[in-house]
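Enquirer: After the structure tokens below, expect a handful of questions from me.
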Amino acid sequence: MSAELLTATGVSKTFASKARRVAALDNASVSVARGETLGLVGPSGSGKSTLARILLRLVEPDAGRIDFDGVDLLALNGEALRTTRKRIQMVFQDPLAAFNPRATVASALADPLRIHGLVERRQRPAAIAALLQRVGLDPGLASRAIHEISGGQRQRVAIARALATRPDLIVLDEAVSALDVSVRGRILELLVELQREEGIAYVFVSHDLAVVRAIAHTIAIMDAGTIVETGPTPDVVANPQSATGRALVAAVPRLVVGKSD
Amino acid sequence: MSMQLATLRDLSVLYRSGSTTRTALASVDLDILAGERLAIIGESGSGKSTLALALAGLLPDNAERSGQIAWPGLGRPPVPGGDIGFVFQDPGSSHNPVLSIGEQIAEVARRHLGIGWRAAYARALDLLARVRIPQPKAALAAYAHELSGGQRQRVAIASAIAAGPRLLIADEPTSALDMVVQAEIVALLDELVRADGMTLLFITHDIALASGFADRLAVFRDARLVEAGASADVLARPQNAYTRHLIGSHIDLATPPLIVGPTR
């Protein structure tokens, strides 16, 4: 068994509207090891969300190859694609936009269990309660509407929904960026704990290098559709080789305790 | 002791909708000193944006204000847009989509400074150069949708300072921007208020971002001011448990990682 769970090679994508063509991704290659986290970092418009969506097969690339656990992901369709989709889940930035606004916590969590035929109807309430406990929520929350719970609770439900299919990989696109800082830390700790206990790999997309550094084993820095630098997190942060990497390191706000004027 | 530009005494704001009311600010006492850079720190629901709206006279119709806001530094009630400039979080929605960048900035100068269009356009061109928009002359004729988020925020700053306000309020001006652009915008705001002797009220959820340049910090939580003081004092010796919690929640490149290093 290879150490790599997912390898993307030479992935390109151009978006066209009227006369304008935008190269969102140009020959990007990244890999994610089993049970580890790849941090995708870059400024706005660098192509990190496009790459994340391609890994999820929500967007089809123009060129390139993606191997997921020894299978050519881009060649899959029909039943084989559905089976593989179970193993790759996602969590987005805005949990309110990621759910049916009329959903309850229970119905949001029942969907993946039903769609992928994982749990019989009669066993679902127990499975939902277990998922909620897994992400540190009170099972009593199940009957509440998604819009009634707090932003932090909602993002925990989004993580629980992603966990429902027992995935090997979760792609998180700015998953903590909209949260209050005091909530953010606890969600990051939850992600790390789930990874340690269940061996899930993450692709963690963020513009915030400090947050990525806290949870990613390796980092890929993107700019203008290309991967400009990759490496183990401590190396990239301590000694960035690219101009974009250096700019991202310099842009992290530091707590200035002894300011003198 | 610096002179007070504004003093807030027992300031409370309630929002009514139907039969329910929500307290957005409860009995806030705070001085804003002339020429200082004051950061208002708070998370969602802390009341920090309501404070900014109350100061600028921009509270919505369903808001009820009590308590006093006095302006000893002006000696008269402030003129919104003239004495107070406002930069909002979302640079996309603070521009009129059908006016050129030049018209928007010139309009502010013309209205508040009583100058003609020609002089107002000359000022707009100056301001675009000051906020470091590339090719400021061409930008005069551009529309907001043609600019990136960071450039739009630079233009919003140019509009906000076009009338030469005493107080510049920036409400989460960088939260919709990436970190590299955030650092540039914060440096720009700091430079502009220093050069023009403006007072800056910088509203943010990020205590570390504020720590880099603010003279004083005021920490809000659940509609209340929990702590205010010189930045160095608040950061080195936070008196309130919540302030300590905010400082402890900060993640930067010196924070111990949550994971052990790569296994390969």
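Enquirer: Considering only DSSP beta bridges whose two residues both sit in chain A, what percent are antiparallel, to the nearest 5?
Expert: Details: 24 of 42 bridges.
Taking every DSSP beta bridge with both residues in chain A, the antiparallel ones total about 55 percent.
Enquirer: Calculate for chain B the 222 nm mean residue ellipticity that helices alone would give, adding -39,500 (n - 2.57) per DSSP H run of length 4 or more and normalising by residue count, nearest 500 deg cm²/dmol. Provide the component values of the computation, followed by the final result.
Expert: Working: 9 runs with 91 residues, N = 264.
One gets -10000 deg cm²/dmol as the mean residue ellipticity at 222 nm.
Enquirer: Using the Cα centre as the reference, give the magnitude of the dipole from point charges on the C-beta atoms of segment B:132-264 (Lys, Arg: +1; Asp, Glu: -1; all else neutral), rounded to the nearest 20 debye.
Expert: Numbers: 12 positive and 14 negative charges, 5 e Å.
Using only the charged Cβ atoms, the result is roughly 20 debye.
Enquirer: I need the shape label for segment B:132-193. Rule: rounded when a/c is under 1.5, else prolate if a/b > b/c, else oblate, with a, b, c from the alpha carbon gyration tensor.
Expert: On the way: a/c = 1.76, a/b = 1.14, b/c = 1.55.
Because a/c hits 1.5 or more and a/b fails to exceed b/c, segment B:132-193 counts as oblate.
Enquirer: Based on the alpha-carbon gyration tensor of segment B:121-254 and its eigenvalue square roots a ≥ b ≥ c, which shape applies: rounded if a/c is under 1.5, prolate if not and a/b is larger than b/c, or oblate? Show your work: numbers first, answer last.
Expert: On the way: a/c = 2.69, a/b = 1.99, b/c = 1.35.
The shape class here is prolate.
Enquirer: Give me the percent relative contact order of chain B, please, defined on Cα pairs under 8 angstrom at least 6 residues apart. Could you put the intermediate results ahead of the total?
Expert: Values: 476 pairs, mean separation 65.3, N = 264.
After rounding, I find 25 percent.
Enquirer: Right, here's the next one. Cα centroids of segment B:1-67 and segment B:132-180: how far apart, whole angstrom?
Expert: 25 Å
Enquirer: Something else now. For the charge dipole of segment A:68-145, defined by +1 on Lys and Arg C-beta atoms and -1 on Asp and Glu C-beta atoms about the Cα centroid, which residue among A:LEU73, A:PRO125, A:GLN89 has the Cα displaced farthest towards the positive pole?
Expert: Of the options given, the answer is A:PRO125.
Enquirer: Please work out the FRET efficiency for the pair B:ARG194 and B:ALA236, using the Cβ-Cβ distance as r and a Förster radius of 30 Å; give the result to the nearest 0.05. Let's see the in-between values first.
Expert: Numbers: r = 24 Å, r/R0 = 0.79.
It comes to 0.80.
Enquirer: Within the set of other residues whose C-beta is less than 14 Å from the C-beta of B:GLY164, count the net charge using Lys and Arg as +1 and Asp and Glu as -1.
Expert: Net of charged neighbours comes to +2.
Enquirer: Simple spin-label model, 7 Å along Cα-to-Cβ: A:GLU148 to A:ALA63 in nm?
Expert: Each label point is offset 7 Å from its Cα along the Cβ direction, giving 5.3 nm.
Enquirer: Next question. Nearest 20 debye, what's the magnitude of the dipole of chain A about its Cα centre given +1 on Lys and Arg Cβ and -1 on Asp and Glu Cβ? Could the numbers behind the result be given before it?
Expert: Working: 31 positive and 27 negative charges, 158 e Å.
Computed charge dipole of chain A: roughly 760 debye.
Enquirer: Turning to a different aspect of this structure: When a/c reaches 1.5 or more, the comparison of a/b and b/c decides; with that in mind, is chain B rounded, prolate or oblate per its Cα gyration tensor?
Expert: It is oblate, given that a/c is not under 1.5 and a/b is not larger than b/c.
Enquirer: Nothing charged except the Cβ atoms of Lys and Arg (+1) and of Asp and Glu (-1): what's the magnitude of the dipole of segment A:34-85 about its Cα centre? Round to the nearest 20 debye. Show your work: numbers first, answer last.
Expert: Values: 7 positive and 7 negative charges, 39 e Å.
Taking the Cα centre of segment A:34-85 as origin, the dipole is about 180 debye.
Enquirer: Taking every DSSP beta bridge that has both residues in the protein assembly as shown, what percent is antiparallel when rounded to the nearest 5? If you can, show how the numbers build up before the last one.
Expert: On the way: 48 of 85 bridges.
That works out to approximately 55 percent antiparallel.
Enquirer: Put a dot 7 Å past each Cα toward the Cβ at B:LYS137 and B:ASP61; how far apart are the dots in nm?
Expert: It is 4.7 nm.
Enquirer: How high is the FRET efficiency from A:ASN100 to A:ALA23, r the C-beta distance, R0 30 Å, rounded to 0.05?
Expert: Working: r = 34 Å, r/R0 = 1.14.
In this case the efficiency is close to 0.30.
Enquirer: If I take every Cα pair under 8 Å that is 6 or more residues apart in chain A, average their sequence separation and divide by the length, what percent do I get for the relative contact order? All intermediate terms of the calculation are to be shown ahead of the outcome.
Expert: On the way: 470 pairs, mean separation 68.6, N = 261.
Relative CO of chain A lands at 26 percent.
Enquirer: So, one more: With the contact rule set at Cα under 8 Å and sequence spacing of 6 or more, what percent relative contact order holds for segment A:124-261?
Expert: Details: 126 pairs, mean separation 20.9, N = 138.
For segment A:124-261, the relative contact order is 15 percent.
Any read-out appearing in this document is the output of simple, stated calculations on the displayed coordinates, not a laboratory observation. Please read all numbers here as calculations on a predicted model, not as lab measurements. Neighbour counts run over all protein chains shown; Cβ positions are idealised from the backbone, glycine included.
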